[in-house]
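To start, the structure under review is shown below, and the notes come after it.
The values are calculated or read from the model by the stated rules, or taken from the named source; none is laboratory data. Quick caveat, the model's predicted, so the values are computed rather than measured. Cβ coordinates were reconstructed from backbone atoms using ideal geometry, including for glycine residues, and neighbour counts include every protein chain displayed.
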């Protein structure tokens, strides 16, 4: 009897140990990210990491300060600038007007902006503005196009401003009205279009100079013209809600979403690895790898913000990293974003 009890006890112990080991293995990404965020070489992490799967929070941690001078600790609920992650929000709003028949992606924008003073409006389409194949320069509409529209890729913030002008004209609503309604639909209750009131909620951005010193930016220098492609105010958890809505059929019809996440052009970005990947409408599409990945980055050293928003459709997993620092040394600007991505992709989370 004692022998049977002993064997049963040993078997139970092995089973429990196995379960604990399995649980620890599955949760190993948490330990690794915790350890990563404590490192100070090649730089320190000052921001929020938020991971959500199937609507459930899997990891949430804030590290560093909301204000370097006052040493105010950052909170997970703090509000950051989207930087270029705003582009997918603008693209979604444009596509909603496409669904209503108010915008045609493939006709020259002259149709919608007849008084636009630039001759390239006769050839550039909304499709080309949204996937950066217009040939427009990054921040200047007055310069000649870099190439014939549709033939190459050149990232352009001003292209999203132009798309925004068409969006406002054809919808009959301001970008502020459209963004506010969209955030409400997605239950993004802590995210805002930047105005005089909401801009006070924005956490302070910090520019990290190459010599290691910093400049605290008391307020954003962005103008409303920049908001279409470069600046909205969000929390990390609200961006995960955005992903849930966008990628699960709550904002666009399946055929329209397919347009948004398809691509005719590829481009490289250091966060996504060495190989060029697809660029859809405000989204980078990494569909040639073993794990399909859709996402975008945001970075502006002058404003003092760095951000990455990643979504993995197979497991409905969001990985959102938002920093209120931006490093002038671009070689290390996305260090933590790259490393967190690597940890998640090697974990059991995406299996």
Checklist outcome for this item: Only unsatisfied item for residue 220, checking (1) touching a strand residue (DSSP E or B) at 6+ places or on another chain (Cβ under 8 Å); (2) at pLDDT below 95; (3) more than 29 Å from residue 44 (Cβ to Cβ), is (3)
Next on the checklist: Please return the ranges of helices (runs of 4 or more DSSP H) entirely within segment 164-279 where 2 or more residues are within 19 Å of residue 103 (Cβ to Cβ).
Outcome noted: 175-185, 227-230, 254-260
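Condition check ((1) touching a helix residue (DSSP H, G or I) at 6+ places or on another chain (Cβ under 7 Å); (2) surrounded by fewer than 16 Cβ atoms within 10 Å (Cβ to Cβ); (3) in a helix (DSSP H, G or I); (4) at pLDDT below 95) across all residues:
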| position | (1), (2), (3), (4) |
| --- | --- |
| 87 | yes, no, yes, no |
| 90 | yes, no, yes, no |
| 93 | yes, no, yes, no |
| 101 | no, yes, no, no |
| 120 | no, no, yes, no |
Next on the checklist: Among the listed residues 274, 293, 337, identify the single one that is at pLDDT below 95 and either touching a strand residue (DSSP E or B) at 6+ places or on another chain (Cβ under 6 Å) or within 30 Å of residue 212 (Cβ to Cβ) (or both).
Outcome noted: 274
Item to check | Residue check for residue 20: surrounded by fewer than 16 Cβ atoms within 10 Å (Cβ to Cβ), under 17 Å from residue 343 (Cα atoms) and at pLDDT below 95 | outcome: no
Checklist entry - Of 26, 38, 56, 71, which residue is modelled with pLDDT under 95, exposed (fewer than 15 other Cβ atoms within 10 Å of the Cβ) and more than 25 Å from residue 230 (Cβ to Cβ)? => result 26
Item to check | Hits in segment 108-146 (condition: more than 18 Å from residue 229 (Cβ to Cβ) and more than 29 Å from the chain's Cα centre (by Cα)) | outcome: 110, 111, 114, 115, 117, 119, 122, 123, 144
